[in-house]
Amino acid sequence: MSLYVPQKKVVIASSFEGVVNNGAKECGVVSLAAYEQMVKGGRLKNQRSFAKEDQQTVMKAFLALRPLVAVAGDYLTVLMLIRNHMATATAMVNGNGRSEQYKKESVAHFQKEFEIIKDRTKDQRAEFNKEFYAERKARQTADYNGWLALQEPFAETIEQFRQLNELKSFSVDNLIRGQFEGFVSHYQSGGFKLYYVTSKDEASTYQLCTVYGEFGRFKPGEVSDRILTPGDDWASFFESLKTCLIHRDCIVGKETVENVDKLVQMQMVAKKEGVPPAQVWRLQDRFDKDEIETLKAAGFEHQFIVTGGYAFPTDYDQARSHGVAVIERGKMASQLAAYAQAGGF
């Protein structure tokens, strides 16, 4: 069954973590190392090391509370939560005869405490942010393959993005006039365009995708930085745009917007692509009420939560109650195409 190709260009501004990349374990390993460094250096007042705790339980608790995280500083808050409430965290993830209701109540407790600790530790969170990225960089430099082995792309997402990426139409008017300046996607007149709006740094995000390509996780040409130049074969170039899933210029992260303000990032994408906010759709895996409302107020009204990411089960119900569409990871292409057709795009 063929999918609808939007007549207008629709930019899918997707999160990277939780939608494309499953890097929760890597974030846990790096976060714990950064946390221990700060504890050892006396930079975290009233916080103790996890050295004497069962490391498997600590990681389980970290992964269970991963949906609370929006930016790197949040990892510190999650670890503080676990450290301060170790017994509750252990019971939540290991069961110990506890009911599902107990687990839900535990999550609700941690959600409330998260905001309290977050407000009280702004300076420590800022310092942790630097420590986190330094630790990640050090691990990449020391043993890149070992670092990479802690994460992998979501296979279902890659397959769905392949289908979505083929739904494009182009205008060659500018090419015929010999105007080769500007970003290549200016020649796309309709269909979907993939972007990645992330809290990660752009260089390591693109490098990670490049290595995934070398390992066969992406097909040849799906990770590219090819730019159209005079003399190129137009048909071949346009076909490459339907193949490329990750383009270096389509990653907007912390290098471009240091404080990873999602509104600023989304506005940059809209300006870069020459489309109004209504044609930049936000795709993420977690429910963030404040972010969603901020983006909607600025005209980015089309937002989606994809299942199977870093979210609590209750997040999907909350998203729907706030008018945010929840789409299935394994059906993203067909559901987004249907949404575009129903909306007259």
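The values are calculated or read from the model by the stated rules, or taken from the named source; none is laboratory data. For clarity, every value in this text was computed on a predicted model and none was experimentally measured. Ideal geometry is used to build each Cβ from the backbone, glycine not excepted, and the neighbour counts take in all protein chains shown. With ligands, DNA and RNA removed, areas are computed over all heavy atoms of the protein, side chains included. Shrake-Rupley method; radii C 1.70, N 1.55, O 1.52, S 1.80 Å.
Below is a table of values for the structure above.
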quantity: Accessible surface of the chain, 1.4 Å probe, proportion on carbon and sulfur as whole %; calculated: 49 percent
quantity: Alpha-carbon centroids, the range 266-345 and the range 192-210: separation in whole Å; calculated: 18 Å
quantity: Cβ crowding within 10 Å averaged over residues, with 333-345, 317-329 ranked highest first; calculated: 333-345, 317-329
quantity: MRE, 222 nm, helices only [DSSP H, n ≥ 4, -39500 (n - 2.57), over the chain, to nearest 500]; calculated: -15500 deg cm²/dmol
quantity: Inter-label distance for Lys8 and Ala87, nm, one decimal - labels placed 7 Å from Cα along Cα-to-Cβ; calculated: 5.7 nm
quantity: Relative contact order [Cα under 8 Å, 6+ residues apart], the chain, whole percent; calculated: 26 percent
quantity: Net charge of neighbours whose Cβ lies under 12 Å from the Cβ of Ala297, counting Lys and Arg as +1 and Asp and Glu as -1; calculated: -3
quantity: Cα-based Rg / Dmax (Å) for the chain; calculated: 21.2, 72
quantity: Å³ per residue enclosed by the Cα convex hull of the range 1-136; calculated: 170 Å³
quantity: Cα-based reach from Lys104 at 22 Å (exclusive), listing lysines while leaving out same-chain residues under 8 positions away; calculated: Lys60, Lys112, Lys118, Lys289
quantity: Residue among Tyr196, Val223, Tyr316 farthest towards the positive dipole end of the chain, charges placed on Cβ; calculated: Tyr316
